[in-house]
Each structure stands twice: as C-alpha cells, then as structure tokens.
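The values are calculated or read from the model by the stated rules, or taken from the named source; none is laboratory data. Just so we're clear, the structure is a prediction, and the values are computed from it rather than from any experiment. Cβ coordinates were reconstructed from backbone atoms using ideal geometry, including for glycine residues, and neighbour counts include every protein chain displayed. Calculation scope for accessible area: heavy atoms of the full protein, side chains included, ligands and nucleic acids excluded. Shrake-Rupley method; radii C 1.70, N 1.55, O 1.52, S 1.80 Å.
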Amino acid sequence: MSFITGTTDFHYAGEIFKTWYKVVGSLDSTQRPLIALHGGPGMSHDYILPHSRLHELYGIPVIFYDQIGIGKSTHLPNKPKEFWTSELFMDELENLLQSLGVSSDFDLLGCSWGGMLGVEWAAKRHPKGLKRLLLIGTPASMELWVESQNKLLQGLDKDVHEALTKHEQAGTTHDPEYEAGMGLFYKKHANRLETWPEELLKSVASTAEDPTVYHTMNGPSEFCITGSIKTWSVIDLLESVDYTTLITNSEYDMAQDITILPFFKRLAKVKWVKFHNASHHPFWEIPEEYLKVVGEFLTM
C-alpha cells in the first residue's frame, strides 16, 4: 500500500508549529480523499490506521494526521489551558487541507473527539469543500457522554466502581488502583479484543508520554471529565449542518445511544448504523463489517 508522510507549517497566534501527516494512496486519484480525525483529545493517529484499508478496498485516498500536541506533530507541554481550544484545532485542520490541496473537495471522518471537532467545524464554519461527514462513536454533548459513562460504570463490579469514585474524589487518579479499574472499563467499552493491537498501544503510550492535551481538555479518564470540554455541546447548532452524514456507534460503546440521538433527530441528511458485538473501536473489533458500511457510504 503506497503512502507518503510529511509535515506542514501551521501559523497560529504569531508562532509556527508543525503538523505531521500521512497520505495513503494518491491525492491525484479520481476518488475524493477522506481526512480522518483521531480522538482524545490528545491521542495520536495510530489507532485509527485500519481506515487505511478504505484505499485498498475502495480506492479512496486517506489522510491521517497528528493534531498539535501529540504524536509526531509539535508538542507544547508548557502552553496554558486557554491555548487548547476547538478553534485552534479547526484552524489546524483547515491549514492542512489547504496545504495538501484538497480543501475544495473532500470527505471527513472523525472518531470520538475527532467527530466532535469535525461536526463543530461543519456547524460553525460550513466548509465548502466538505461533501460527506462521518461521526464514529461521537457524542453530541459531553453532558450526554458523562450520562452514558455513568450508566456503563454501573456494570462494573461494585468494589471497582467504588475504588474509581474514591480516587476521583481524592484527586488520586494516578494511583495504580484507579488505573487498573480504568483498564477494566476500557476493556469492556473501548476495545474488547483480548490482545490490544500494536497501533492502539502506541496511541495509548503517546498520551501517557505527553498527557498535556488530554488532561487539559478532557481529564484523567473517559468517565471523569474535568477539562475544558466538560460543557461542550453542538446540539443547538445541528440544524445548520447540511452535509450528508453517517453516524455510528456500537453495542458496548462508550458512546451509547443517548449520546448519538441528537444527531439523528436534528441533522437534515443523516443515516445511523449501530454495530453489534463491538465497542468504541469497531474498526478493530469487526473490521470487515465496519469498513463495508463506511466504504459503501463514501462511494454511494
């Protein structure tokens, strides 16, 4: 599978940063390119690399990149919390699309936070070149996300749930007991494979090595949201989104139906697919079924 990698300069607030990208396939193809936005915030692109197979199966060029603050892009551990905003990442996305020469015609797929960024960008800036929008395990608001996590936490053993609550209240979320409970939760609702793939482990390690963005914007875990996106919501903006949109979630997903429902109710052109026997990463757990749904949506 052919690919190229590179970096592009990103000018922001009087400084120059580097955005690292990887293009699978050729942007000279007659097929519209797909840009894939990773989650987190602050989790490298590696874990969403199964989307590379969309090029193999459907001839779609796929663009991956590491958002500022993680992976192979510029790291900024000393920036204040006010620096890390949706506007920053929207500007970075627009800069990359322009640098690669695809801003006039492209599709966008966002996983989790990547979908949050993508749909907010679509709602606020109405990019003219965007044709199809795919939101994979993406909540319409963080209030609904927290509600979803709280329900899922009830499915853990009582002692595990109590230990998680104890450490959150005490501010000791770096304690091994908390991390162990977090691992149990993620094994049920993030990725249910018995052995996590190398690419996912690489993304997890990238966040552990530099948690700046994740801790500043999100918090210590997916069910303890203390960062700047705690009150994030796009629900009141959805009527302004006029792109053909696919929304997906899965049976055991952290993004339960309540987090997805506002998209289905309020978007004008929307299709909702729910996968069974998978959680937050259906592209790893049930790749053939997942890629068929996504590939057919992109080429219909």
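Has region 123-135 got any residue that is closer than 26 Å to Leu76 by Cβ, surrounded by 21 or more Cβ atoms within 10 Å (Cβ to Cβ) and under 16 Å from the mean Cα position of the chain (by Cα)?
Looking for residues that are closer than 26 Å to Leu76 by Cβ, surrounded by 21 or more Cβ atoms within 10 Å (Cβ to Cβ) and under 16 Å from the mean Cα position of the chain (by Cα), one finds none in region 123-135, hence no.
What residue, of Glu199, Glu179, Glu147, Glu162, is part of a helix (DSSP H, G or I), among the charged types (D, E, K, R) and in contact with an Asp or Glu (Cβ under 7 Å, 6 or more places away or on another chain)?
From the options Glu199, Glu179, Glu147, Glu162, the qualifying one is Glu199.
Do the conditions hold for Leu153, that is, is it surrounded by fewer than 16 Cβ atoms within 10 Å (Cβ to Cβ) and more than 18 Å from Leu37 (Cα to Cα)?
no
Each row is one residue, and each column tells you yes or no for (1) touching a strand residue (DSSP E or B) at 6+ places or on another chain (Cβ under 8 Å); (2) of a type in the set (A, V, I, L, M); (3) within 30 Å of Glu179 (Cβ to Cβ).
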| site | (1), (2), (3) |
| --- | --- |
| His215 | no, no, yes |
| Gly227 | no, no, yes |
| Trp232 | yes, no, yes |
| Asp236 | no, no, no |
| Ile247 | yes, yes, no |
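Evaluate the following for Ile68: is it in contact with a His (Cβ under 9 Å, 6 or more places away or on another chain), under 18 Å from His45 (Cβ atoms) and among the β-branched types (Val, Ile, Thr)?
So Ile68 passes the test.
Does Tyr186 meet the test of being open to solvent by less than 30 Å² (accessible area, probe 1.4 Å), part of a helix (DSSP H, G or I) and not β-branched (Val, Ile, Thr)?
Against the criterion (open to solvent by less than 30 Å² (accessible area, probe 1.4 Å), part of a helix (DSSP H, G or I) and not β-branched (Val, Ile, Thr)), Tyr186 does not qualify.
Take Leu193 and tell me if it is over 30 Å from Lys265 (Cα atoms), touching a residue at least 60 places away in the same chain (Cβ under 8 Å), open to solvent by 40 Å² or more (accessible area, probe 1.4 Å) and hydrophobic (A, V, I, L, M, F, W, C).
Yes, satisfied.
Here's the yes/no breakdown for (1) aliphatic (A, V, I, L, M); (2) at pLDDT 95 or above:
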site: Met116; (1), (2): yes, yes
site: Arg132; (1), (2): no, yes
site: Leu135; (1), (2): yes, yes
site: Thr138; (1), (2): no, yes
site: Lys158; (1), (2): no, no
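What residue, among those in region 210-243 that are over 19 Å from Val146 (Cα atoms) and acidic (Asp, Glu), is nearest to the chain's Cα centre (by Cα)?
Asp210
Only one of Pro211, Pro176 is open to solvent by 10 Å² or more (accessible area, probe 1.4 Å) and under 21 Å from Gln67 (Cβ atoms). Can you tell me which?
Going through Pro211, Pro176 in turn, just one is open to solvent by 10 Å² or more (accessible area, probe 1.4 Å) and under 21 Å from Gln67 (Cβ atoms): Pro211.
State all residues of region 12-34 that are under 27 Å from Lys131 (Cβ atoms) and open to solvent by 80 Å² or more (accessible area, probe 1.4 Å); if no residue qualifies, say none.
Asp28, Thr30
Quick one: is Ser104 more than 21 Å from Phe275 (Cα to Cα), open to solvent by less than 10 Å² (accessible area, probe 1.4 Å) and assigned to a loop (DSSP other than H, G, I, E, B)?
no
Please verify whether region 26-49 includes one or more residues that are in a helix (DSSP H, G or I) and over 24 Å from Gly227 (Cβ atoms).
Looking for residues that are in a helix (DSSP H, G or I) and over 24 Å from Gly227 (Cβ atoms), one finds at least one in region 26-49, hence yes.
In region 133-166, which residue that is among the basic types (Lys, Arg) and without any contact (Cβ under 8 Å) to a residue 12 or more places away in the chain is nearest to Lys265 (Cα to Cα)?
Checking each candidate, the answer is Lys158.
When the residues of region 220-267 are narrowed to those that are in contact with a helix residue (DSSP H, G or I) (Cβ under 6 Å, 6 or more places away or on another chain) and polar (S, T, N, Q), which ends up surrounded by the most Cβ atoms within 10 Å (Cβ to Cβ)?
Asn249
Inspect region 278-289 for any residue being at pLDDT 95 or above and over 16 Å from Pro50 (Cα atoms) and give the result as yes or no.
No, because not a single residue in region 278-289 is at pLDDT 95 or above and over 16 Å from Pro50 (Cα atoms).
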